[in-house]
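Participant: Please read through the structure below; I'll follow up with questions.
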Amino acid sequence: MAAIIETVLDQDKEYEIVDGQPEEKQMGGARHGGVGSRLIGELWAHIKAQRLGGVYGADTSFQIGQNERMPDVAFVAAARIPEEGEPEGAWPMPPDLAVEIVSPTDLHEKLMTKVTEYLKAGVRQVWLISPEHRTVTIYSSPTEVKVLQGADELDGGDVIPGFRCRVADLFQGPARA
């Protein structure tokens, strides 16, 4: 008789499903969260005004090939949102844009694996944001890569038409009195 092994997951943590196994998603910290929130705010204002689709935060899962991933920020184009709207659970498809914000504990190899998975699954663009280096690396394919910094303008291209945001604005901390 085969023993049944049940994995007990901590309910206070978030997990991606990688190769059929739960993999804890590490918390990024305040700077990481600030960058993500500022990007979501910039994206949401434009996407809502133009009725382009939906923006999602780090607690939203997407089917990426055989894995279930939780990008820090994601965008799904309106044309791809089903008639019944957003699913109750994970999206059964990849987003059009996946954004990963580099945390101090992230390993380069794991981030590059995610970028490759996203692109293979049909994500149209992947943005890798480094708060430490204050850069945004845009992957439109494994070989089409662009690095932006400082006064450069992040452009949504054909994924989010008309979207523009100064890279430096993503790294600008909270205002003080």
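Each reported figure results from applying straightforward, stated rules to the coordinates on display, with no laboratory input. Treat the numbers as computed from the prediction; the structure is a model and nothing was measured. Cβ: placed from backbone, ideal geometry, glycine included. Neighbour counts: every protein chain shown.
Participant: Quick one: angle between helix 108-121 and the longest Cα principal axis of the chain, in degrees between 0 and 90, rounded to 10, please.
Facilitator: 90
Participant: A further question on this structure: If I model a spin label as a point 7 Å beyond the Cα along the Cα-Cβ vector, how far apart are those points for Asp152 and Ala168 in nm?
Facilitator: That separation, rounded to one decimal, is 1.5 nm.
Participant: Output wanted: per-residue J couplings in Hz (rounded whole) for the range 35-52, from phi through Karplus 6.51 cos²θ - 1.76 cosθ + 1.60, θ = phi - 60°, x for Gly and Pro.
Facilitator: 4, x, 5, 5, 5, 4, x, 4, 5, 4, 4, 6, 5, 5, 4, 9, 6, 8
Participant: Going from the alpha-carbon gyration tensor of the chain, what semi-axes, largest first and in whole Å, does one get by taking the root of 5 times each eigenvalue?
Facilitator: That gives 27, 20, 16 Å for the three semi-axes.
Participant: While we're here: Local charge sum around Asp96 (other residues, Cβ-Cβ under 13 Å, Lys/Arg +1, Asp/Glu -1)?
Facilitator: +1
Participant: What is the gain in length, in nm to one decimal, between Met93 and Glu132 on full extension, counting 0.36 nm per residue of separation less the C-alpha to C-alpha distance?
Facilitator: Taking Met93 through Glu132 to full extension adds about 10.9 nm, to one decimal.
Participant: Something else: So how do Asp155, Asp169, Asp72, Asp59 line up by other beta-carbon neighbours within 10 Å, fewest first?
Facilitator: Ascending Cβ contact count within 10 Å gives the list Asp59, Asp169, Asp155, Asp72.
Participant: Related question: How high is the relative contact order of the chain, in percent, with contacts defined as C-alpha pairs under 8 Å that are six or more residues apart?
Facilitator: For the chain, the relative contact order is 16 percent.
Participant: What is the calculated FRET efficiency for Ala177 to Val145, with r their C-beta to C-beta distance and R₀ = 35 Å, to the nearest 0.05?
Facilitator: So, using R0 = 35 Å, E works out to roughly 0.30.
Participant: Quick check: net charge around Leu170, other residues with Cβ under 14 Å of its Cβ, Lys/Arg +1 and Asp/Glu -1?
Facilitator: Taking every other residue near Leu170 into account, the sum is -3.
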